[in-house]
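Scroll down for the structure; my scribbles are underneath it.
Throughout, read-outs are computed from the coordinates displayed, never taken from laboratory work. Note that the structure is predicted; figures quoted are calculated from it, not measured. Cβ placement follows ideal geometry from the backbone for every residue including glycine, while neighbour counts extend to all protein chains displayed.
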Amino acid sequence: MPLSKSELERYQRQLLVDGWDQNKLKNAKVLVAGLGGLGGASSTYLAAAGVGNIRLCDSDKVELSNFNRQILFSSNDITKSKSIIAQKKLSELNPDIKVEALPYKLTEDNAGEIASGCDIIIDGLDNHRDRLILNRVSFALKIPYIYAAINEWQGQLGFLNPPVTACLACLMPQKTIDSGSVPVVGAVAGVIGSIQATLAIRYLITGETPLTGKILIFQADRMEFETLIFDKKPECPVCSRK
């Protein structure tokens, strides 16, 4: 379908990018699970780029302690639902797209329904338990999953593409235990969330997955990036099952 006059104006700078296909973004559906520092940054850039359907899942409410890293919210939003506030703000940013708010917790029972029909899953979560739920759904439904995490000055992410690549359980098995609140430099969350959005947009337009089978690590205190390669584990409880 041809882009409208307003869409042509809104996206004029990215339409100049070689090989850009706005209609592929317009017809895409992305799940952003978690709307903290990572999900707030990634969902903002996905909306700005014109991803046509964005599904936001987060059961939390806005708290004062969020603001060093969570750019979607303001002081007036304290005690309000993150997913509903994010839906409103992203819809205001780009009224040409559909933004869906799911203000409830991701669980083993509902994760499949939440992710169903999506072209890609973006991890904006803050705990490993829920990431492993997303990982299992990604493998079961064969939906690419952009994993990410941050800790102090470090951020990391990877493009998990089942069944081609190893899954998150290969890299970090289920026995991993979360240790509560994690120290976070807010700007690092913005960097990693922006890279997640960039990876998603590139995949949706070109089908390319530059980080397949790799983890990209950003050490912000040293301003260094490094890439680690990882493989499937034969004993993995998720992707080794036949």
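From least to most packed, judged by other beta carbons within 10 angstrom and beginning with the fewest, Tyr147, Tyr203, Tyr45, Tyr104 follow the order Tyr104, Tyr45, Tyr203, Tyr147. Take the Cα of Ala187, step 7 Å toward its Cβ, do the same at Ala48, and the gap between the two points is 1.7 nm. Distance between the C-alpha centres of the range 120-168 and the range 213-232: 15 Å, rounded to the whole angstrom.
Annotation for Lys214 and Glu226: the two label points, set 7 Å from Cα along the Cα-Cβ direction, are 1.5 nm apart. Once you order the gyration tensor axes a ≥ b ≥ c over the Cα atoms, which shape class does the range 152-242 get: rounded for a/c under 1.5, otherwise prolate or oblate by comparing a/b with b/c? Oblate, because a/c is 1.5 or more while a/b does not exceed b/c.
Test of understanding: express the Cα radius of gyration of the chain as a ratio to 2.2 N^0.38 Å, with N the residue count.
Ratio of Rg to 2.2 N^0.38 Å for the chain: 0.97.
As an exercise, use a Förster radius of 30 Å and the Cβ-Cβ distance of Leu141 and Glu63 to find the FRET efficiency, rounded to the nearest 0.05. Result of the calculation: an efficiency of 0.40. By other beta-carbon atoms within 10 Å, ranking Leu204, Leu38, Leu8 with the fewest at the front produces Leu8, Leu204, Leu38.
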